[in-house]
Amino acid sequence: MRYALISDIHANLPALGAVLVDIGVRDADAVYHLGDLVGYAPWPNEVADRIRQAGIRGVAGNYDSTVATDYKHCGCRYEDARQEELSHLSYAWTREHVSPETKQWLGTLPFRIDLRPLGGHTPGPTVTLIHGNQTLNTVYVTEDRSDDFLIAMGAAIGARRGDVVAFGHTHRPWHRMLGGIHFVNTGSVGRPKDGNWRAGYVLLDVTASTVDVEVRRVEYDVERAARAILESGLPGEFAEYLRTGGSSLSAIA
Ligand SMILES: [Fe+2]
């Protein structure tokens with residue numbers, strides 16, 4: 001079974017389009033998203049429509065659930081006053097521009113999805129999809145988390161040897177195996193933060209005895225996205241953020 005896992009699209013329609021084209025030629029059996037469909041770019045409704053039209057199921061990111069529930073902030077991290085201001089501006093813009101239909105649909109996204117690629121009639125591998133961690137979609141599971149942290153996370157999820165725990169939220173892809181459990185951060189389609197502007201996603205090949213993880217990066221029309229941000233009333237800094245893969249502003253997600 002080959003899954004394509006796409007996360008943190010963040011209302012970037014050109015990036016989503018390019019990733020779906022790439023997935024189309026790679027024979028994925030199924031596509032799932034790992035949340036944060038909206039925020040930071042000007043196509044929240046178009047991204048939600050495209051995901052629904054393509055029949056792509058997935059989980060609620062912090063941006064999705066906070067927009068859906070009128071929460072007081074997006075649950076995003078910031079490291080200084082300017083980043084905090086940008087975070088609030090993006091959240092306010094997104095809340096103002098999501099249609100009632102998009103907002104309602106974002107509220108229906110599940111917190112977690114468990115997949116059984118071999119059917120579930122044998123105890124074979126489980127692939128668990130979450131946005132942050134198993135308790136909150138706001139927790140950043142970054143690559144520098146300790147082995148002990150990840151082992152506890154796997155245990156809390158109920159993961160066993162051969163299983164996969166997949167998540168996003170940090171916008172930086174990585175993969176580590178501990179105790180036979182694969183921990184996979186799928187990176188970000190629409191707002192990478194690792195210095196690489198290309199849209200990122202993961203192809204996951206699962207058999208009864210093997211798990212293969214391929215992180216893919218796909219070029220897209222980043223200038224179209226940058227232009228649309230500048231014309232939208234969103235903070236102009238978000239255009240340069242996309243062009244530089246997050247290098248222009250270090251820590252907001
Ligand atoms: Fe995100």
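The values are calculated or read from the model by the stated rules, or taken from the named source; none is laboratory data. Since this is a predicted model, take the numbers as computed values, not measurements. Here Cβ is always computed from backbone atoms with ideal geometry, including for glycine, and neighbour counts include all displayed protein chains. Accessible surface areas use protein heavy atoms only, side chains included; no ligands, DNA or RNA. Shrake-Rupley method; radii C 1.70, N 1.55, O 1.52, S 1.80 Å.
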Everything considered on the Cα gyration tensor (a ≥ b ≥ c; rounded for a/c under 1.5, else prolate if a/b is larger than b/c, else oblate), segment 107-253 must be described as prolate
Quick note, segment 13-141: a/c under 1.5 would make it rounded; otherwise a/b > b/c is prolate and the rest oblate (a ≥ b ≥ c, C-alpha gyration tensor); here it is prolate
Whole-Å distance linking the alpha carbon centroid of segment 27-45 with that of segment 92-132 is 10
When every protein chain stays in place and a 1.4 Å probe is rolled, 170, 69, 207 sorted by accessible area with the largest first are 69, 207, 170
In debye to the nearest 20, the charge dipole size for segment 81-201, taken about the Cα centre with +1 at each Lys and Arg Cβ and -1 at each Asp and Glu Cβ, equals 220
In degrees rounded to 10, the 0-90 angle between helix 222-232 Cα long axis and the longest Cα principal axis of the chain is 50
For residue 188, the accessible surface traced by a 1.4 Å probe with all protein chains present amounts, in square angstrom to the nearest 10, to 0
Heavy-atom accessible area with a 1.4 angstrom probe orders 244, 186, most exposed first, as 244, 186
Pseudo-spin-label distance residue 89 to residue 161, built 7 Å along Cα→Cβ, given in nm, is 5.3
Yeah, the chain with a ≥ b ≥ c from its alpha-carbon gyration tensor (a/c under 1.5 is rounded, else prolate when a/b outruns b/c, oblate otherwise) is prolate
Farthest towards the positive end of the dipole of segment 118-253, among 123, 141, 200 and with Cβ unit charges of +1 on Lys and Arg and -1 on Asp and Glu, lies the Cα of 123
If unit charges are put on Cβ atoms (+1 for Lys and Arg, -1 for Asp and Glu) and the dipole of segment 166-253 is taken about its Cα centre, the option from 180, 241, 209 lying farthest towards the positive end turns out to be 180
Per the helix-only model, the chain has a calculated mean residue ellipticity at 222 nm (DSSP H runs of ≥4, -39500 (n - 2.57) each, divided over all residues, rounded to the nearest 500) of -9500 deg cm²/dmol
Carbon/sulfur accessible area of segment 78-183, % of total, 1.4 Å probe, equals 52
